Amino acid sequence: MPRNTYFRPQFSADMLTVDCFTFNPFSENTYLVYNQALSCVIIDPGCYTAEEKMRLKEYIAHKKLVPQLIFLTHTHIDHVFGLAEVKKEYKVPIYGHPLAAKGLATTELVAKLYGLTVDLPPAIDIFIEEGEKISLGPSSLDILFCPGHAPDHLVLYDPQEKFMIVGDVIFQQSIGRTDLPGGNFDTLMDSIHRKILPLPSETILYPGHGPETTIKEEITNNPFLK
Ligand SMILES: [Zn+2]
Ligand SMILES: [Zn+2]
């Protein structure tokens, strides 16, 4: 079953649900965000084994979700292991930052370096940047550009329901690593301080690894933000 720690108070008829699956040798979080009409966004499909791919597809079928699009926070290998599979299954557009095309070009090589295999990732269909939105019925998610962990890193923010899908920008009591190609510590800290921390402190953060947290908890407890 997907994990969902924080229960947000329901105040709108079309509240979004966020379900989390943890997949692959990197313990990456794949998210499904869906509304009450069951329109669904698949975020960072990291399902790796046949069992993981089946588990995601069976959950989507069981819940009768209707995927509308695939969204990539960034293109590190752990976030795209299942990209080819979900694209083949649902035939919906893949959204990502313009720099994500460069990231996907190295996916097979990076998998080899880790001694892993990956299906050749399909191309990004729709390039999206900060200031644009993703619509899901009457709901919409804001796009924020948060480079530093990866040069193509986007974050999704729902200002109505106060939650963010933050990928590998910030984790519970940690931050994204900056030693991978295109990473930069100062850029990452700038992204966190300018784009994430000024938002309402009760905002729930759904990270690419580990448990959910909130902005308030991280301002209080995250050793990298002291
Ligand atoms: Zn990453
Ligand atoms: Zn990751």
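Among residues belonging to the stretch 175-210 that are closer than 18 Å to T22 by Cβ and surrounded by 15 or more Cβ atoms within 10 Å (Cβ to Cβ), point out the one that is farthest from ligand 1 (Cβ to nearest atom).
Per the stated criteria, the residue is I204.
Of all residues in the stretch 43-69 being touching a helix residue (DSSP H, G or I) at 6+ places or on another chain (Cβ under 7 Å) and away from ligand 2 (no atom under 16 Å from the Cβ), which is farthest from V118 (Cα to Cα)?
My answer is P67.
Among the numbered criteria (1) within 16 Å of ligand 2 (Cβ to nearest atom); (2) assigned to a loop (DSSP other than H, G, I, E, B), which one does I124 miss?
(1)
Yes or no: D19 within 16 Å of ligand 1 (Cβ to nearest atom) and either farther than 29 Å from P147 by Cα or modelled with pLDDT of 95 or more (or both)?
no
Where residues in the stretch 198-226 are among the hydroxyl-bearing types (S, T, Y) and not in a loop (DSSP other than H, G, I, E, B), which of them is farthest from P25 (Cα to Cα)?
Among residues in the stretch 198-226 that are among the hydroxyl-bearing types (S, T, Y) and not in a loop (DSSP other than H, G, I, E, B), the one farthest from P25 (Cα to Cα) is T220.
With the condition kept exactly as written, say whether any residue in the stretch 136-143 is in a strand (DSSP E or B), away from ligand 1 (no atom under 16 Å from the Cβ) and within 14 Å of S191 (Cβ to Cβ).
Checked against the condition, which is being in a strand (DSSP E or B), away from ligand 1 (no atom under 16 Å from the Cβ) and within 14 Å of S191 (Cβ to Cβ), the stretch 136-143 yields at least one hit.
The values are calculated or read from the model by the stated rules, or taken from the named source; none is laboratory data. The shown structure was predicted, so the numbers you read here are calculated from the model rather than taken from an experiment. Every residue, glycine among them, receives a Cβ derived from its backbone with ideal geometry; neighbour counts consider all protein chains shown.
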